[in-house]
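Contents: one structure, followed by commentary.
Please treat every number below as a calculation from the coordinates, not as lab data. Just so it is clear, the model here is predicted, and its values are computed rather than measured. Virtual Cβ from ideal backbone geometry, glycine too; neighbours counted across all protein chains shown.
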């Protein structure tokens, strides 16, 4: 089991982001090596192998940390039962004694539990094979490898769509609110900054009637076009589900299934969605997003009820949370690009500095507070270029 899941997920997100910074000619090789060297200790993964499909067999093209005493088959027939299990499931852990991945070993090489996953681009396919050391956890391996597989699929597939970035930018702009809604008794503002032409952050307002406002904020893994495609799917799916008057958690759970099946977008997204009544009542669900804050004078409440991020697993169960916006209080929503902004010494902005800033300036109008929060993090980072998309939304309930 992971000793510190939060640190591991940050480490995994760093790994996924780096996949988009690697040149296309090296990305598969780097992923093979870094899965062993960077994440191997956390996941108990070792001995990486990379195969490429050639007509009717996978041919070994690269190894990582393979003991010289081990003798490996250089090919894996396409019609082999073990290979077919990987292709059918996306990834597979071979802990059944009747199955083999056609890896022959000499006496000096003890074969551990093999695990494999494949990626593809159009008619090209590659298979990654590793071995699991004692102590591995099925849920952690399934989550991590399927997440990496989907991001890598998105990365190599995205090369096909680079010529459409301009159209994607126009589409994404059309999905973000042109202006905040005008709700009596509330002051609302939001702003999003993308590091690329198109980004992975989203925020949205959904006006049901004069008494209820929906608000969403999310952060798709990765950057660029694959993340933008996921943003499009989430915004569209969220609006459609809510228009059908589905329950809040059911909408998010259905979104999870849609995201999980996607092959062209990135693999997961953190998403917070809440519905605010004009009397201040708030019901929400937080799917792995940095918890929004409710600030009222000197009191701060974090909104963290919900569940897992959307996408990696086929099914998730989310809980509802409840809160109340008193007159004079403010709801602050933000993406992790804000709190993970680093200064010149590598120190992150963190939620503590965000909280301190909001407590000090909560009296400002919503738009001014949004700009001040973003400027505070920007200045904290020595005014250097943003390394991640940044989004901030402020909803203030006015005093009577």
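With the cut-off at under 20 Å, measuring from each backbone N in the range 290-323 to a point 7 Å along the Cα-to-Cβ line of residue 4 picks out 290-291.
Entry note, the chain: relative contact order of 13 percent, from Cα contacts under 8 Å with a spacing of 6+ residues.
Using 0.36 nm per residue, how much length does the chain from residue 26 to residue 387 gain when fully extended, once their Cα-Cα distance is taken away? Can you show the working numbers first?
Values: separation 361, 0.36 × 361 = 129.96 nm, distance 2.24 nm.
Extra length from residue 26 to residue 387 when fully extended: 127.7 nm.
Cβ-Cβ distance of residue 347 and residue 81, R₀ of 56 Å, FRET efficiency by 1/(1 + (r/R0)^6): the value works out to about 0.60. Distance between the 7 Å Cα→Cβ label points at residue 175 and residue 38: 2.5 nm. With label points built 7 Å along Cα→Cβ from the Cα atoms of residue 326 and residue 278, find their separation and express it in nm. Rounded to a tenth, the inter-label distance reads 2.3 nm. The slack in the chain from residue 398 to residue 207, taken as 0.36 nm per residue of separation less the alpha-carbon distance, amounts to 66.9 nm. Compute the helix-to-body angle for 5-19: its Cα long axis versus the longest principal axis of the chain, expressed 0 to 90° and rounded to tens. The two axes meet at around 70 degrees.
Extension gain residue 113-residue 355, at 0.36 nm per residue separation less the Cα-Cα distance, in nm? Walk me through the numbers on the way to the answer.
Working: separation 242, 0.36 × 242 = 87.12 nm, distance 4.65 nm.
Contour length minus the Cα-Cα distance gives 82.5 nm.
Tell me whether the range 243-400 comes out rounded, prolate or oblate; compute the Cα gyration tensor, take square roots of the eigenvalues as a ≥ b ≥ c, and use a/c under 1.5 as the rounded threshold. The shape class here is oblate. Each peptide in 232-238, 125-131 gets a packing score, the mean of other Cβ atoms within 10 Å over its residues, and the list from highest to lowest is 125-131, 232-238.
Within the listed set 380, 308, 117, the residue fluctuating most in the Gaussian network model of the chain (springs between alpha-carbon atoms under 10 angstrom) is 380. Shape class of the chain from the Cα gyration tensor (axes a ≥ b ≥ c, square roots of the eigenvalues): prolate, since a/c reaches 1.5 or more and a/b is larger than b/c. Per residue of the chain, the DSSP helices (runs of n ≥ 4 H) give a summed -39500 (n - 2.57) that works out to -10500 deg cm²/dmol at 222 nm. Rounded to the nearest 10 degrees, the inclination of helix 224-243 to the longest alpha-carbon principal axis of the chain is 60 degrees.
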